[in-house]
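Remarks on the structure that follows.
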Amino acid sequence: MRKKKVLVHGTAESMNNFFSDAVSNDYEVVALLSEENISSEIEILSPKNLPKVIYKLIDGIIITNAESNKKIVKYFLKQGIEPRKIILWDTQQGWGIINLSYKNGTQVIYFCGLEFHIRNEDDMKFFTMIHEWLQQQRQIKNLDTKFYPSVLVQQFQQRTGKPLDFNNLQTFTQKMQWIKIFGATPLKSHLADKYLVRYWIAEKIGAEYLIPLLGVWNDFDDINFDDLPNQFVLKCNHGWNMNIIIRDKKSLDLREAREKINGWLAVDFGAQPALEVHYSRIDRKIIAEKFMRNGDLPDIDNYKFWCFNGTPVFCGFDSGRTADGNISNLRIDYFDMNWKSNGFENADHPRSEHPEKIPKPKNFELMKELAATLAEGFAFVRVDFYEIEGKVYFGEMTFTPGAGNFSYKSEGTDEYLGSLLKLPEPTPPPKL
């Protein structure tokens, strides 16, 4: 993504501290601003001497002096600079927020160059999630790779309630932790990219299995919505659960969509405590795909093939998801390669009451063949397909499902899957 051109208000020392912080990689400093007279090789300007036109040409002003930021924020707001361009940062607290209430009752939070209109509880939940992700991202990006295992030990204990010993990995979820940092190859990053993987799929199994692509952009404001159909799906390419389903373009809230997409784009999905570090190499983009529907059903059927050493071993099938994506009633059933329920059960999402009544997909044998082709050469990968009106479409390739931070309700499942997963030769984890 393009580096944001910013002014930094502070001192030469605070600017150096800012650049020593790994989160500063997306920024390019145009000038250093300060009210103090400091002897330095760096030219320090006073904001009072800047022509106002400069504020229209830069992407933001980063204020690094936490003690006096209220006074400085007020000054820049009086100059007419947009609040979203004012970014608070300091070495102790990281990114700060500016919370403004307007006369019409609107509450807007500005954070890290992002803008969030808070109208209801869901808006606040989304802002809180992005705020937490970016603060965690700052800590993880500054971490030496030798500490990655200890982070995962703590995370695994918190999420599953179980210990993790990297010298004695037995279960599937334990081995997933090793895979996340010692099996994060560049090829996995390429294939986890929801945009670049399309080229690989076309080469491996054929473009006819791809959901039609409607567009790809680096910036939300580059999207010409007039060129898009009435129904489509917007998604970010660098993580999971970053999509907006548009069933009626006329009712699309562009401001809400912009805030969500920009929030997701700001996040390095690999630089989170779960440490799915292969996502960090992905060049973040926005893509639009054709809206796919399966008759009158609320959701399209998704078949997830868990493949070990290039061989599909079982298939997961989701049901109970509502048309708006709500998964509170989600059920996950697992079937062997003869479409017989194998008894696996997740702790978070139980099986359906009658898995035997779930019909085998018409293209089950074809999907098995395609999954084996795509899984070739990988110790583990989950390959997802959709079956829509009798035709197979590729969904995604997932190398670390659920970041390995989940539990099975069915006894012995985690141990059995762990016996199937033969760890590959380790590769050095990338520095985030």
**OP:** Go through Asn230, Asn243, Asn224 for me and flag whichever is surrounded by fewer than 13 Cβ atoms within 10 Å (Cβ to Cβ) and within 26 Å of Gly390 (Cα to Cα).
**Re:** Asn230
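Of these, Thr106, Thr128, Thr160, which one is of a type in the set (S, T, N, Q) and more than 25 Å from the chain's Cα centre (by Cα)?
When all the criteria are applied, what remains is Thr106.
Specify the residue that is farthest from Phe364 (Cα to Cα); the eligible residues are those in the range 295-327 that are of a type in the set (S, T, N, Q) and modelled with pLDDT under 65.
Our first condition is that a residue be of a type in the set (S, T, N, Q); within the range 295-327, this holds for 302, 309, 311, 319, 322, 326.
When the remaining residues are screened for being modelled with pLDDT under 65, the result is 322, 326.
Values: Thr322: 24, Asn326: 26 Å.
Going through the qualifying residues, I end up with Asn326.
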**OP:** For residues that are surrounded by fewer than 24 Cβ atoms within 10 Å (Cβ to Cβ) and either free of Cβ contacts under 8 Å to residues at least 60 places away in the same chain or not in a loop (DSSP other than H, G, I, E, B) (or both), scanning just the range 270-285, find the one that is nearest to the chain's Cα centre (by Cα).
**Re:** Ser280
Subject >> Sole residue being surrounded by 12 or more Cβ atoms within 10 Å (Cβ to Cβ) and out of contact with any helix residue (DSSP H, G or I) (no Cβ under 8 Å at 6 or more places or on another chain), chosen from Ala184, Ala202, Ala207 >> reply: Ala202
Original post:
Is one or more of the residues making up the range 125-148 touching an Asp or Glu at 6+ places or on another chain (Cβ under 7 Å), surrounded by fewer than 18 Cβ atoms within 10 Å (Cβ to Cβ) and part of a strand (DSSP E or B)?
Top reply: no
Original post:
Here are some conditions: (1) among the aromatic types (Phe, Trp, Tyr); (2) more than 30 Å from Phe394 (Cβ to Cβ); (3) assigned to a helix (DSSP H, G or I); (4) without any contact (Cβ under 8 Å) to a residue 40 or more places away in the chain. Phe156 meets all but one. Which one does it not meet?
Top reply: (4)
**OP:** Take the range 244-257 and flag every residue that is under 30 Å from Lys188 (Cα atoms) and not in a helix (DSSP H, G or I).
**Re:** Ile244, Ile245, Ile246
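Condition first: polar (S, T, N, Q) and in contact with a strand residue (DSSP E or B) (Cβ under 8 Å, 6 or more places away or on another chain). Can you find one or more residues in the range 143-154 that meet it? Lay out the reasoning, then the answer.
Kept after step one, since they are polar (S, T, N, Q), are these residues of the range 143-154: 145, 150, 154.
Filter once more, keeping what is in contact with a strand residue (DSSP E or B) (Cβ under 8 Å, 6 or more places away or on another chain): none.
No.
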**OP:** Give Asp193, Asp227, Asp221 a once-over and let me know the one that is of a type outside the set (A, V, I, L, M, F, W, C) and either without any contact (Cβ under 8 Å) to a residue 12 or more places away in the chain or touching a His at 6+ places or on another chain (Cβ under 9 Å) (or both).
**Re:** Asp193
Original post:
Do you know which residues across the range 97-124 are surrounded by 12 or more Cβ atoms within 10 Å (Cβ to Cβ), out of contact with any Asp or Glu (no Cβ under 8 Å at 6 or more places or on another chain) and aromatic (Phe, Trp, Tyr)?
Top reply: Tyr110, Phe111
Original post:
What residue, of Gln174, Gln137, is of a type outside the set (Ser, Thr, Tyr) and out of contact with any Leu (no Cβ under 8 Å at 6 or more places or on another chain)?
Top reply: Gln137
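Within the range 166-210, which residues are of a type in the set (Val, Ile, Thr) and more than 19 Å from the chain's Cα centre (by Cα)? Step through it out loud before you land on a result.
Pass one, the range 166-210, residues of a type in the set (Val, Ile, Thr): 171, 173, 179, 181, 185, 197, 201, 205.
If the condition is that a residue be of a type in the set (Val, Ile, Thr) and more than 19 Å from the chain's Cα centre (by Cα), then Thr171, Thr173, Ile201, Ile205 are the ones that fit.
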**OP:** Tell me, please, whether a residue that is touching a His at 6+ places or on another chain (Cβ under 7 Å) and crowded, with 17+ Cβ neighbours inside 10 Å can be found in the range 74-94.
**Re:** no
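Okay, residues lined up against (1) farther than 30 Å from Pro186 by Cα; (2) surrounded by fewer than 20 Cβ atoms within 10 Å (Cβ to Cβ); (3) hydrophobic (A, V, I, L, M, F, W, C):
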| site | (1), (2), (3) |
| --- | --- |
| Pro359 | yes, yes, no |
| Asn363 | yes, yes, no |
| Met367 | no, no, yes |
| Ala372 | no, yes, yes |
| Arg382 | no, no, no |
| Phe399 | no, no, yes |
**OP:** Tell me which of these Asn241 doesn't satisfy, since it passes every other one: (1) touching a helix residue (DSSP H, G or I) at 6+ places or on another chain (Cβ under 7 Å); (2) assigned to a loop (DSSP other than H, G, I, E, B); (3) without any contact (Cβ under 8 Å) to a residue 40 or more places away in the chain.
**Re:** (1)
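Give the residue that is modelled with the lowest pLDDT, with candidates limited to residues of the range 53-73 that are loosely packed, with under 10 Cβ neighbours inside 10 Å and closer than 21 Å to Glu28 by Cβ. Explain how you work it out, then say what you get.
Step one: of the range 53-73, the residues loosely packed, with under 10 Cβ neighbours inside 10 Å are 53, 57, 67.
The next check asks that each one be closer than 21 Å to Glu28 by Cβ; those that pass are 53, 57.
On the way: Val53: 85, Leu57: 88.
Only one residue fits best here, namely Val53.
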Original post:
If only one of Val108, Val73 is touching a residue at least 12 places away in the same chain (Cβ under 8 Å) and part of a strand (DSSP E or B), which one is it?
Top reply: Val108
**OP:** Search the range 337-359 for residues being in a loop (DSSP other than H, G, I, E, B), without any contact (Cβ under 8 Å) to a residue 24 or more places away in the chain and among the charged types (D, E, K, R), and hand back the single one that is farthest from Thr311 (Cα to Cα).
**Re:** Glu353
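The values are calculated or read from the model by the stated rules, or taken from the named source; none is laboratory data. What you see is a predicted model, and the numbers here were worked out from it, not measured in a lab. Counting neighbours? That spans all protein chains shown, and the Cβs are built from the backbone with ideal geometry, glycine included.
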